[in-house]
Structure formats: structure tokens, C-alpha cells
Amino acid sequence: MSNNILIVYLISSAFSTYTTYKFMCIFFERNEINRKIEIVSYILYYIFMSLIFIIFNYPILNLITNIIIFFLLTLNYPATLKLRLTATVLIYVILAIVECFAVVAVKLLKLNSLVPHSDLEIISILVSSKIFSYIIVLALANFKMVKNSINVTTFHWISILMIPIGTLVSTIMLISESNENNLLIIINSIIIMFFINIFVFYLYDQLMKTYHDKMEKELLQQQNNAYSKQFELINQSQENIKMLRHDIKNHMTSLQALIKANDNERALNYLKNIYDHGNYSNEYAKSGNSEIDSILNYKINEASKHGIKVNVNLNIPEKLSIQPFDLSVVLGNLIDNSIEATLKLSEDKTINVSIEYERNVLYISISNPYDGKLLYKNSKLKTTHHDKENHGIGLNSVKKSIDKYNGVLDIHYTDKIFYADVLIYNNKEAITIN
């Protein structure tokens, strides 16, 4: 093996290690991992695979070693054995297919009539396969983000994708116009382009993190607003009750006088005033479950501002094992969609919300009238809210939250009524409703 090939291999292998890491991110979640151990494992992977290639360079040995180390890398992430094996096989198969495609492409293009097994041909195959691999991992990563409702703008996506494509085209053009005499110039150019790609891909990762953080920030802000509104409702209600208790003696005296005078109508009106005074009108949900009550009161208050009536039926315990964040995602987004759909109607602006808990299962049913028009994209139902950038996170994210609890989201509709039914299993033992 010549020194030129060795240099290109070491640089491209570092790039390939990063590609492998990106493949792992597609298959596995990285929320509960030791980041230092993860970094060390990929460094060791790079060193070990480089040594195997340099010392032995046997295709069968490289194949077996790659598969084993791919599987060992999956141990960084929490997953089932089935998922680890599936990821290992798929990643290797994809990379193998890409490498074969690179070999065939180089042969077919006959770059500058390259001599078989010459340094230029081997370098062409090495560089092409690594860049092809990253283009594929970019496409798969974007598909995963779309599935998780992290919507990257088309401009951003095309801009990022053009970097490796441009690198590949530039490399092919460079090699096609070169020969063995200026091989050093080619190698230096390839190294520079690899570094440019690495820095751009780092910026791409930061962009994706920004999108994800923005989504979570919006949800947390929505949840905080709901909690703040709920505390305001509770404080107002408690203040009204405190005032009622302070004046109870005077109220009893007045009621007693009305009853003695047989003025039943005025006595009933007086009782109604007492009840209305102690019952804060904006506190629609009073189940005792602060997470669900706060979300519902916040959303119902928003609906009432638009003249939408919300009928609520609650039969739930005060505490659930379901995370408040997930409850906010599910209830917040579904009610938002109901409000948006109902706003398009001139009459019958009524949303029905039923939440019940039975045998360790939380049942949520939300229905609303709509205009008979539904928005589909890629055969999937999408949120109807106009401000998709700052409002709602999509039914896919609702399903993702539900899937954490092995739950079910059932969407069905008639030509006039839209239904969203949710079933979520409580993680812990059943909680008795008081």
C-alpha cells in the first residue's frame, strides 16, 4: 500500500467513523447515555479498524471485524437485542452497497482512463464511497426528523445536502483531469474538502439541535402558561371561598329572614349568588389532577375567547405516572387542532372532551365539528393550524408521546365530526379514584 493511499484512507476513515455515528443516531436514542464513553468508543473504533486495514487488509477479516465492532458500538445505547442486531446488519449492508456502487461508478466513468488498482482509482473509490455514505445518512436522518415532526425548511435541507454532493462532483472532476504526477495536489485537495464537510456537518448537527430545543421550549412554555393560569384560578377560587367563610354568619342571617318570610324565590336567588361567588367561572376543570386541570383550563379559556363551547367530562385520579410533558403534548395539540377546525364554522362551535381512568388505563376522547376538509401530506394527516412554525407540533409528536406508554391513537371522522381517541397505559400500579 502506498503512502498516498494510506493518508487518504486515514482521513476518509475518520469521516466514515462520523458517518457510522450518524447511522447509530438514526437507530438509537441518545438521551440516557454516557457521552464520554460514547466518544471514546468511536475513537477506539477508528484506531482499531485502521490498524486492521493497515496490517492485514483482508476483505473477509474486515467484514467480520466491522460487523462485530458495529454491534459493540450499539452497546452505548439502551435498546433490545433485536434492535441492536437489526441496526448492525442494516448499517453494514448499506455501507457495503454504497462501496460497491462507488466501485462500479468509478469503473463506468473511467476517470481519465485510470489504470486498474492504481493509486488514483483506489483513492477515487475511497472518497466516493465515504461521501455517498454520508449523503445516504443525511437523507435517512432527515426522514427521521420529519417522522418526529422536526420540520427543517427545504432551503436548509437542500443547502446542507449540496455540500457533500458538491464535494463528490468536485472530487470526480479533479481526479478526471489528473494523473499520477500531481497525486499530491489531489490528496491535499481531498483532505481540505473532507475538513470542510466535517465542519459543515457539525454546524448541521447544531442546527438540528436548535430545531429540537425550539420545539421543546415551545412545549415547556405552553405548559408553564397552563400552570400559571391554573394557579391563578386556584388562588382566585380560594380567595372567594375565604371571603364567603368570613361573611357566612351574615349570609345565614339573611337567608333565615327570607325563609321566615316565606320568600322562597329570593332565598333561592340568594343561595345561587353565594354559589356563584365561591365558584370561579374560569375554572372549567376541577378533577384534582393539577396537570390535566391546568392544561384543560388553559385551552378551554382560549377556546371561550373565540366563542367556542367546550363540554368536559372528567373521571381521573389526582396523580398519574404519565409525565406532565407528555400530557401537555397530547391534550394541548389535540385541543389546538379542535379549536382551529371549529373556528372555521359559523355555528355549532362545540368541542367535547372526555377523560376517564379505569383499570390502570387513561382514556381520552376529543370530538369536534369540522368543515369536512382535511389536510394530508404524504398520506398522513397534518395539523390544520395556519401558524405551523410556532403553534402545535403535529399528530406524529402526539403519537410519539403516546408510544412511550404503549398507548394507541385512533383518528376517525364522518363528513361532519372529527374524533381523536387516545388510550394510554399508566406505568405504575392502578391508582384508586377518590
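Data for the structure
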quantity	calculated
Residue list for region 64-90, restricted to those being part of a loop (DSSP other than H, G, I, E, B) and surrounded by 14 or more Cβ atoms within 10 Å (Cβ to Cβ)	Asn76, Tyr77, Ala79
Subset tally (residues that are basic (Lys, Arg) and at pLDDT below 60) for region 384-434	2
Residue count for region 332-365, restricted to those that are in contact with a Ser or Thr (Cβ under 6 Å, 6 or more places away or on another chain) and assigned to a strand (DSSP E or B)	4
Inter-residue pairs, beta-carbon under 9 Å, first among the acidic types (Asp, Glu) and surrounded by fewer than 14 Cβ atoms within 10 Å (Cβ to Cβ) and in region 410-424, second at pLDDT 90 or above and in a strand (DSSP E or B), 6+ apart	Asp410/Tyr419; Asp410/Ala420; Asp410/Asp421; Asp410/Val422; Asp410/Leu423
Tabulated pairs, region 20-40, first acidic (Asp, Glu), second at pLDDT 90 or above, C-beta under 6 angstrom, 6+ apart or interchain	Glu38/Asn76
Some residue of region 298-310 being assigned to a helix (DSSP H, G or I) and either at pLDDT below 75 or touching a Ser or Thr at 6+ places or on another chain (Cβ under 6 Å) (or both)	no
Where Tyr363 falls short, out of the listed (1) modelled with pLDDT of 90 or more; (2) surrounded by fewer than 15 Cβ atoms within 10 Å (Cβ to Cβ)	(2)
Condition broken by Ala79, with the remaining ones in (1) touching a Gly at 6+ places or on another chain (Cβ under 9 Å); (2) at pLDDT 80 or above satisfied	(1)
Any hit, region 153-163, residues being at pLDDT below 70, in contact with a Ser or Thr (Cβ under 7 Å, 6 or more places away or on another chain), more than 25 Å from Val103 (Cα to Cα) and not assigned by TED's automatic domain parsing to the domain that holds Lys399	no
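Here's the yes/no breakdown for (1) surrounded by 23 or more Cβ atoms within 10 Å (Cβ to Cβ); (2) among the aliphatic types (A, V, I, L, M); (3) under 27 Å from the mean Cα position of the chain (by Cα); (4) within 25 Å of Gly372 (Cβ to Cβ):
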position	(1), (2), (3), (4)
Asn311	no, no, no, yes
Gln323	no, no, yes, no
Ile339	no, yes, yes, yes
Thr342	yes, no, yes, yes
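The values are calculated or read from the model by the stated rules, or taken from the named source; none is laboratory data. It should be emphasised that the depicted structure is a prediction, and the values quoted were computed from it without experimental measurement. Note that we place each Cβ from the backbone using ideal geometry, even for glycine, and neighbour counts take in every protein chain shown.
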